[in-house]
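Written below as structure tokens is the structure these notes are about.
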Amino acid sequence: MNVTQELLSRLLANQPVTAAELALLLKAQGKACELIYATADGLRSRRMGDEVFLRGIIEFSNICKNNCWYCGIRCDNTSVTRYRMTDEEIIETARNAQRWGCGTVVLQSGEDPFYTAGRLGDILRRIKEETGLAVTLSVGVRSRDELSRLKEAGCDRYLLRFETTSNALFSAIHPDEPFENRVRCLTDLRELGYQVGSGFMIGLPGSTPEMIAHDILFATRLSLDMIGCGPFLSHPDTPLAEKPLLADREIYYKTIALLRLLNPDAHIPATTAFDALDPDGRNLVLQRGANVFMPNVTPGKFRRNYQLYPNKPCVDEDGAACAICVRGRLANLGRPVGSGPGHTKRLP
Ligand code: SF4
């Protein structure tokens with residue numbers, strides 16, 4: 001048995017691995033790399049089934065008070081036309097997402113103080129009453145009190161990525177808040193009974209396989225219900241403009257495969273940014289450990305103004321076109337669309 005086979009056997013047996021060992025797998029090439037993908041895909045099929053759950057993303061505000069260095073809608077970027085969808089527009093979009101077969105809507109925005117817990121709670125209640133869909137919020141760091149009120153309003157899930165576990169890197173690219181705030185928020189979410197999603201950006205400038213291995217282990221230690229990761233893609237209107245991709249492009253995909261191997265029961269989305277990395281990037285991720293697809297259901301007129309990274313796909317489409325497209329993609333992969341909300345496996 002070679003080193004890759006031995007490490008994969010240990011992962012399948014739920015035995016601990018070190019960051020150095022994960023870094024070895026991240027550096028695997030050729031047949032070893034293919035074996036990692038096949039093993040992750042097999043485990044995904046056995047533990048999560050072949051269904052792919054659809055979670056429709058509604059990008060309801062691109063206004064943000066923060067200045068994260070990698071982000072195209074950071075507040076200092078004056079080339080973005082800012083928008084907020086009205087409550088009615090958000091709720092109508094949720095209704096459309098339900099018509100198009102999504103079991104969940106993900107309400108995503110910049111850190112926009114206009115959307116207080118009270119305002120978001122009112123929108124949430126109406127979506128739950130009118131559609132019964134599962135609702136995920138992705139609106140940045142919030143206080144425990146706000147999170148508590150949002151849970152009472154019916155919020156099911158919350159996404160908040162930690163982005164990197166490197167203290168130096170985190171503080172360099174997040175001038176507005178410390179790493180500890182995000183960890184505190186993730187802890188609050190768990191204690192308040194949310195289904196918790198987090199993850200990181202793969203290949204931030206200066207990151208190494210060893211650093212990515214630490215990120216994978218940290219995500220695993222958080223015992224997440226959902227793990228969402230995407231490649232770092234340099235945006236021209238940010239301080240990280242023109243930073244290159246990782247030399248080994250397979251590391252992006254191996255990261256997803258290793259996350260699956262360490263987190264057999266977590267929902268793992270094929271995030272949209274993978275399609276900006278490779279035209280069939282999301283398809284590849286679905287064949288390497290992922291089991292969730294997040295079609296953009298935001299009305300077409302807003303999409304061009306919500307580009308956290310460049311070359312974002314589907315910005316000239318509308319929700320109906322995306323819903324048709326995703327079904328075609330899944331059919332080509334031989335994967336059925338999941339029915340129902342696709343809650344975490346931890347629920348009774
Ligand atoms: S990553 Fe999020 S918090 Fe940071 S600037 Fe972009 S939208 Fe704002």
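The listed peptides 143-153, 239-249, 195-205, ordered by packing as a protection proxy, come out as 195-205, 143-153, 239-249 (highest mean of other Cβ atoms within 10 Å first). Compared with the alpha-carbon gap, the fully stretched path from C325 to D265 is longer by 18.9 nm at 0.36 nm per residue. For the range 17-333, the antiparallel share of DSSP beta bridges with both residues in that region comes to about 5%. The distance between label points at N67 and R190 comes to 3.3 nm (points 7 Å beyond Cα on the Cα→Cβ vector). Charge tally around A168: other residues with Cβ under 15 Å, Lys/Arg +1 each, Asp/Glu -1 each, net -4.
Ranking G118, S148, G206 by Cα position along the charge dipole of the range 17-333, where only Lys, Arg, Asp and Glu carry charges on their C-beta atoms, puts S148 farthest toward the positive end. In the chain, what is the count of Lys pairs whose alpha carbons are under 16 Å apart, counting only pairs at least 8 residues apart or on separate chains? The number of close lysine pairs in the chain is 4. Need one number: nm distance between label points at K27 and K301, each 7 Å from Cα along Cα→Cβ, rounded to one decimal. Rounded to a tenth, the inter-label distance reads 5.4 nm.
When cysteine pairs in the chain are screened for C-beta atoms closer than 4.7 angstrom, the residues that find no partner are C33, C64, C75, C102, C155, C185, C229, C314, C322, C325. For the chain, a simple Cβ point-charge model (Lys and Arg +1, Asp and Glu -1, everything else neutral) yields a dipole of about 580 debye relative to the Cα centre.
A simple spin-label model places pseudo-atoms 7 Å from Cα toward Cβ; at E130 and S148 they are separated by 3.0 nm. Sorting the segments 16-24, 225-233, 98-106, 77-85 by their mean number of nearby beta carbons within 10 angstrom, highest to lowest, gives 225-233, 98-106, 16-24, 77-85.
Only the coordinates and a few stated rules stand behind these numbers; no lab work does. Computed from a predicted structure; not experimentally measured. Note: ideal-geometry Cβ built from the backbone for every residue, glycine included; neighbour counts use all protein chains shown.
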